[in-house]
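K.L.:
Here's a structure for you.
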Amino acid sequence: MPEIRNYTLNFGPQHPSAHGVLRLVLEMDGEVIERSDPHIGLLHRGTEKLAETKPYNQSIPYMDRLDYVSMMQNEHAYVRAVEKLLGIEAPIRAQYIRTMFDEITRILNHMMWLGTHALDIGAMTVFLYCFREREDLMDCYEAVSGARMHAAYYRVGGVYRDLPDEMPRFKPSNLQRDKAELDRLNENRQGSLLDFLEDFTNRFPGLVDEYETLLTDNRIWKQRTVGIGVVSPERAKALGFSGPMLRGSGVAWDLRKKQPYAAYDKVDFDIPVGQNGDCYDRYLVRIEEIRQSNRIIRQCVDWLRDNPGPVIIEDHKIAPPKRAAMKSDMEGLIHHFKLFSEGYCTPPGEVYSAVEASKGEFGVYIISDGANKPYRLKLRAPGFPHLMAMDEMAKGHMLADVVALIGTMDIVFGEIDR
Amino acid sequence: MNDSATTTSDERLAELVEALIIAFGPKGCRIEQGLGEATLVVPREHLVDVATELRDGEAFGFEQLIDLCGVDYSAYGQAEWETSRASSTGFGRGVERDAELDLTGSERFAVVYHLLSVGRNLRLRLRAHVDTEQPMIDSVVSVWPVADWFEREAFDLFGILFDGHPDLRRILTDYGFVGHPFRKDFPLSGHVEMRYDPELARVVYEPVKIEPRTLVPRVIRKAGRHQNVESN
């Protein structure tokens, strides 16, 4: 009879369910995980060091590329940190726009998470449904910023521009010539971006119900997630969990409520909390968060309709002047030139600002020595401590559960490797 | 819940600062405040004591270590363009790229900890300076298990050693990487570049061919000089 012994299994870095470039070295006893050692850094681009060599504004697009499925929330943490250093505050309309787009981003992120998580553990259909809704929200991204993903829409002192009055429409193409079909696609795009979003918030809860019918009571889904990766509340705190990972373990902690920023103290929403701290509870928490995000978006739409106003501060040492002023006014031209060549200097000091990103607490720590570039920028990625807990969460589970764990952590390497 | 629901964050911070002074003042800790945040500067020999007390102490309860990072202060306050004399002499076009770094100063490296108390809704920053010659500090993994990877990262990027860390390996850089890339004396473009060599039929490392360049010079101007009168 052959001797039975532990062996080491290499998982990734190119594996479809590794969600990017995760390499796991697993020590296995048969099919049971004894120890797992995640090797990260394959996507390390040195964002923090790059930011040290750039004026503050030029780093905003880098923030999109950190957690590349919740782009605007990363920007939000960064611009808030710089605003805090400068001692300025964005106008109220910009705060509402940021709140709305943070929640749009949260839905985008959770749709991505739900689709891939379900796909990884065997449910194909949800993936297609989720990506259908992501498409609508990415059109909103595109409508305000011109980019579907890497928006660079939040600026220090506000947002790049006000919401557009017109929603882009589908045009006839080689693939799509049928007039009736085009009219159907463009039906909810006749008005402004806010009209489109209002329509979205009306039909979205029904769509979430659709996802839930596929998963929530699904026998296979429950077998794969209930009781997998259980983390107690005390342990979750000690391991540095945040966001849905912490709430899934039953800790009611949400920065949007506890340390409100932007317009979160002016909108109404609830924080869902799990009970058992397993993958299934974290799934339920995130599904409920999607519904709450929808509520917040709706409130922001209503407010933004009734309250026009500036969306970026008027201080042209920090925010660029209007294009017309730049073309016709000497002072505007000088401001524009200085701002885009040299940027602005911040007072010396250090600042930490955190937002409740979709995955947890995304923090930006800036040390400034008074220059036009940060002296040191540290990005606190929520996924980093979550992935660190992989060893502890996977111990004693089967190999197939590793995939469920990667899914439940909502791992994205853009932010973990930075 | 406790009083965190009824008091404002400023009041809670003021209370915290008082408690910190009483508890850690005798240990040589110092408090810096600014922008609504508090920093406790801890002498490195007391780090683990202070951390344990901050986690368990009744007045603190910082059960979460949110972030830990290294900082290299050797280029602090250095600019590449002299701006204060510029209005009388005009700008030089050249950028002084190779500013002199203070590589031997006693306060070159620091480790910064960001703490969060979920129960009391408080944040605190700790900073501990590390010896420059032998950058070593006690590990806080025993206090907050989450410090594990954060300390590996600080070791990888800055070369700060954490005494008592269970597994101090590199984490973000490549296998076999040489140097600590986030130190200020490490060039942005790095030292080596990598390509596939068809003759050797493997990947080879070579010294970088990129010329370092500065697109926007680093300038330091007096803060708030354009703002209202009170700052002048």
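The values are calculated or read from the model by the stated rules, or taken from the named source; none is laboratory data. Predicted model only: the values in this text are computed from it and were never measured. Don't worry about glycine lacking a Cβ; one is built from the backbone with ideal geometry, like all the others, and counts go over all protein chains shown. Note: accessible area is taken over every heavy atom of the protein model, side chains too, but ligands, DNA and RNA are not part of it. Shrake-Rupley method; radii C 1.70, N 1.55, O 1.52, S 1.80 Å.
K.L.:
Among A:386, A:368, A:412, whose Cα lies farthest out toward the positive end of the dipole of region A:355-412, if unit charges sit on the beta carbon of Lys, Arg (+1) and Asp, Glu (-1)?
P.N.:
Value computed over the given set: A:368.
K.L.:
In region A:172-224, with Lys and Arg counted as +1 and Asp and Glu as -1 at Cβ, which of these residues, A:182, A:197, A:220, has the Cα nearest the positive end of the dipole, that is, farthest along it?
P.N.:
A:220
K.L.:
Another question about this same structure. What whole number of Å gives the distance from the Cα centroid of region A:141-206 to the Cα centroid of region B:121-147?
P.N.:
47
K.L.:
Place a +1 charge on the Cβ of each Lys and Arg in region A:371-418 and a -1 charge on the Cβ of each Asp and Glu, then give the dipole magnitude about the Cα centre in debye, rounded to the nearest 20.
P.N.:
Working: 6 positive and 6 negative charges, 96 e Å.
The dipole of region A:371-418 has a size of about 460 debye.
K.L.:
Would you tell me the mean number of C-beta atoms belonging to other protein chains that fall within 10 Å of each C-beta in A:342-355, as a whole number? Working shown, then result.
P.N.:
Numbers: counts 7, 2, 2, 11, 3, 7, 5, 5, 9, 5, 9, 2, 5, 0.
Averaged over the peptide's residues, the number is 5.
K.L.:
Find out how many positive minus negative residues lie around residue B:150, taking Lys and Arg as positive, Asp and Glu as negative, among other residues whose Cβ is under 12 Å from that of residue B:150. Write down the numbers at each step before the final one.
P.N.:
Details: positive: A:378, A:380, B:152; negative: B:67, B:148, B:151, B:153, B:156.
The answer is -2.
K.L.:
Past 22 Å, Cα to Cα: identify those pairs from A:266/A:317; A:84/A:257; A:222/A:257; A:84/A:317; A:49/A:257, in the order given. List each step's numbers first, then the result.
P.N.:
Numbers: A:266/A:317 30 Å; A:84/A:257 19 Å; A:222/A:257 31 Å; A:84/A:317 16 Å; A:49/A:257 32 Å.
Pairs exceeding 22 Å: A:266/A:317; A:222/A:257; A:49/A:257.
K.L.:
What ranking do A:397-406, A:226-235, A:154-163 get when scored by the average of other Cβ atoms within 10 Å per residue, highest first? Don't skip to the answer; put the middle values down first.
P.N.:
Working: A:397-406: 19.9, A:226-235: 17.2, A:154-163: 22.4.
Highest to lowest by the protection proxy: A:154-163, A:397-406, A:226-235.
K.L.:
Using 1/(1 + (r/R0)^6) with R0 = 56 angstrom and r between the beta carbons of residue A:212 and residue A:331, what's the FRET efficiency to the nearest 0.05?
P.N.:
Values: r = 57 Å, r/R0 = 1.02.
Efficiency for this residue pair is about 0.50.
K.L.:
Taking Rh as the Kirkwood radius computed over C-alpha pairs, what is the Stokes-Einstein D of region A:4-117 at 37 °C in a medium of viscosity 0.692 mPa s, expressed in µm² per second? Walk me through the numbers before you get to the answer.
P.N.:
Working: Rh = 17.2 Å.
Translational diffusion coefficient: 190 µm²/s.
K.L.:
How would you rank B:18-25, B:206-213, highest first, on the average number of other Cβ atoms within 10 Å across their residues?
P.N.:
B:18-25, B:206-213
K.L.:
Quick one: if the Förster radius is 35 Å, what FRET efficiency do residue A:398 and residue A:271 give, using the C-beta to C-beta distance and rounding to 0.05?
P.N.:
That gives a FRET efficiency of 0.60.
K.L.:
Mind checking the log10 I(q)/I(0) for region B:20-85 at q = 0.13, 0.18 Å⁻¹? Debye, one equal scatterer per Cα, no solvent, two decimals.
P.N.:
-0.52, -0.82
K.L.:
Considering only protein heavy atoms, what is the solvent-accessible area of residue A:32 at a probe of 1.4 Å, reported in Å² to the nearest 10?
P.N.:
50
K.L.:
Okay, moving on. Quick one: compute the contact order of chain A, relative version, from alpha carbon pairs under 8 angstrom and 6+ residues apart, as a percent. Don't jump to the answer; show the numbers that get you there.
P.N.:
Values: 783 pairs, mean separation 107.2, N = 418.
Taking the mean separation of contacting Cα pairs over the length of chain A, I get 26 percent.
K.L.:
Long-range amide H contacts for residue B:192: which residues qualify at under 5 Å (H placed 1.01 Å from N, peptide plane, sequence gap of 5 or more or a different chain)?
P.N.:
The answer is B:208.
K.L.:
Further, regarding this structure: Can you list which of the chymotrypsin sites (Phe, Trp or Tyr not before Pro) found in region A:181-243 are DSSP loop residues with at most 15 other C-beta atoms within 10 Å? Can you show the working numbers first?
P.N.:
Working: sites: A:196, A:200, A:211, A:221, A:241; in loops: A:241.
The qualifying sites: there are none.
K.L.:
Let me ask something additional. Going highest first, how would you order A:335-343, A:172-180 by mean Cβ packing within 10 Å?
P.N.:
Details: A:335-343: 16.1, A:172-180: 8.4.
Sorting A:335-343, A:172-180 by mean packing, highest first, produces A:335-343, A:172-180.
K.L.:
Report, to one decimal in Å, the Kirkwood hydrodynamic radius for region A:312-418 based on all distinct Cα pairs. Write down the numbers at each step before the final one.
P.N.:
Details: mean 1/r = 0.0574 Å⁻¹.
Evaluated over region A:312-418, this radius sits at 17.4 Å.
K.L.:
In square nanometres, what is one fourth of the surface area of the convex hull spanned by the alpha carbons of region A:51-159? Walk me through the intermediate numbers first.
P.N.:
Values: hull surface 29.0 nm².
Mean shadow area of the hull around the Cα atoms is 7.3 nm².
K.L.:
DSSP loop (so not H, G, I, E, B), at most 10 other Cβ within 10 Å: list which trypsin sites (Lys or Arg not before Pro) in region A:20-113 pass both filters.
P.N.:
Numbers: sites: A:23, A:35, A:45, A:49, A:65, A:80, A:84, A:93, A:98, A:106; in loops: A:45, A:65.
Sites meeting the loop and neighbour criteria: none at all.
K.L.:
Follow-up question, since we're still on this one. Hey, how many Å between the Cα centroid of region A:209-224 and the Cα centroid of region B:10-64?
P.N.:
47
K.L.:
What is the average number of partner chain Cβ atoms found within 10 Å of a Cβ in B:62-75?
P.N.:
Numbers: counts 0, 4, 11, 5, 10, 13, 3, 8, 2, 6, 2, 4, 0, 4.
Partner-chain Cβ atoms within 10 Å, mean over residues of B:62-75: 5.
K.L.:
State the three equivalent ellipsoid semi-axes of region A:350-401, derived from the C-alpha gyration tensor as the square roots of 5 times its eigenvalues, in descending order and whole Å.
P.N.:
Working: eigenvalues 236, 24, 10 Å².
Largest first, region A:350-401 gives 34, 11, 7 Å.
K.L.:
A follow-up question, please. Could you state the principal axis extents of the C-alpha atoms in region A:276-371, from the largest down, to the nearest angstrom?
P.N.:
62, 40, 17 Å, listed from the longest principal axis down.
K.L.:
Now a separate question. Could you give me the radius of gyration and the Dmax of the protein assembly as shown, taking only the C-alpha atoms into account and expressing both in angstrom?
P.N.:
In order Rg, Dmax, the Cα atoms of the protein assembly as shown give 25.4, 90 Å.
K.L.:
Rounded to the nearest 0.05, what FRET efficiency do residue A:323 and residue A:31 give with R0 = 56 Å and r taken as the Cβ-Cβ distance? Could you check? Let's see the in-between values first.
P.N.:
Details: r = 63 Å, r/R0 = 1.12.
The value I calculate is 0.35.
K.L.:
Return the average number of partner chain Cβ atoms within 10 angstrom of each residue Cβ along peptide A:363-372. List each step's numbers first, then the result.
P.N.:
On the way: counts 5, 1, 7, 0, 6, 2, 8, 8, 11, 8.
If you average over the peptide's residues, the count of other-chain Cβ atoms is 6.
K.L.:
Mind putting a number on the dipole of region B:104-232 about its Cα centre? Charges go on the C-beta only, +1 for Lys and Arg and -1 for Asp and Glu, and I need it in Debye to the nearest 20.
P.N.:
820
K.L.:
Show that you can apply the helix-only estimate: for chain A, add -39,500 (n - 2.57) for every DSSP H stretch of four or more residues, divide by all residues, and state [θ] at 222 nm to the nearest 500. Walk me through the numbers before you get to the answer.
P.N.:
Values: 18 runs with 203 residues, N = 418.
Calculated at 222 nm, the ellipticity per residue is -15000 deg cm²/dmol.
K.L.:
Non-local amide H neighbours of residue A:361 (under 5 Å, H modeled in plane, Pro and chain starts lacking H): which ones?
P.N.:
Residues meeting the amide H criterion: A:242, A:243.
K.L.:
Taking a cut-off of 13 Å between Cα atoms, list the aspartates and glutamates near residue B:184, but don't count ones fewer than 8 places away on the same chain.
P.N.:
A:48, A:52, B:72, B:98, B:100, B:102
K.L.:
Continuing with the same structure: Roughly how many debye, to the nearest 20, is the charge dipole of the protein assembly as shown about its Cα centre, given +1 on each Lys and Arg Cβ, -1 on each Asp and Glu Cβ, and no other charges?
P.N.:
Values: 78 positive and 100 negative charges, 322 e Å.
That gives the protein assembly as shown a dipole magnitude of about 1540 debye.
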